[in-house]
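The values are calculated or read from the model by the stated rules, or taken from the named source; none is laboratory data. Note that the structure is a prediction, hence the values are computed from the model and not measured. Ligands, DNA and RNA are excluded from the accessible area calculation, which covers all protein heavy atoms including side chains. Shrake-Rupley method; radii C 1.70, N 1.55, O 1.52, S 1.80 Å.
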Amino acid sequence: LQKVLIALHVTACVVVGKTLMILFPNAMKRYILKQGEKSRMNTNPKFSYENWGPTFFSFQYLLFVLKVKWKRLEDEAYEGHPAPNTPVVTSDGEVRHLFDFMQDNRPLILNFGSCT
């Protein structure tokens, strides 16, 4: 049921977005560029709006957003329920799953930080 609701929501957003891009292309370009500033997407000089802007609200965009949102459903943790076996990336760049690191009855401790 959650996947159906997500599909309906994302499809409605894509239809509305595509319609607005057709009716008000300049306003939508400004809006998309403003969203790009938040993610610092606009700071890369080789990454111009003409390369990626028109792909917003396309069929490929719809499929990508659905895939991401459906995948995130599996990653949610709820108090009192078992932890999800989410994919993690090791410092070597290898993709593993959380439960791969468990050993016998030892507690598994996750330490989050950043490396620069």
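Considering the values (1) 15, 51, 30, 3; (2) 10, 27, 28, 23, 10, 2, 0; (3) 13, 43, 34, 9, 0, which represents P(r) over Cα pairs in 10 Å bins from 0, in percent as calculated for the structure under consideration? Derived directly from the coordinates: (2). The lysine pair tally for the chain, using Cα distances under 23 Å and a gap of 8 or more places or different chains, is 16. For the chain, the longest principal axis of the C-alpha atoms and the axis of helix 2-23 are separated by about 30°.
Taking every protein chain into account, the accessible area of the stretch 1-75 amounts to 78 square angstrom per residue (probe 1.4 Å). For the stretch 89-95, putting each phi into the Karplus relation 6.51 cos²θ - 1.76 cosθ + 1.60 with θ = phi - 60° gives couplings of 10, 6, 5, 8, x, 7, 8 Hz, in residue order, rounded to whole numbers and with x for Gly and Pro. For the chain, carbon and sulfur atoms together expose 60% of the accessible surface, with a 1.4 angstrom probe and every protein chain in place. If you model the stretch 1-43 as an ellipsoid using its alpha carbon gyration tensor, with each semi-axis the square root of five times an eigenvalue, the axes come out at 25, 16, 5 Å, biggest first. Relative to the dominant Cα principal axis of the chain, helix 25-38 is inclined by about 30°.
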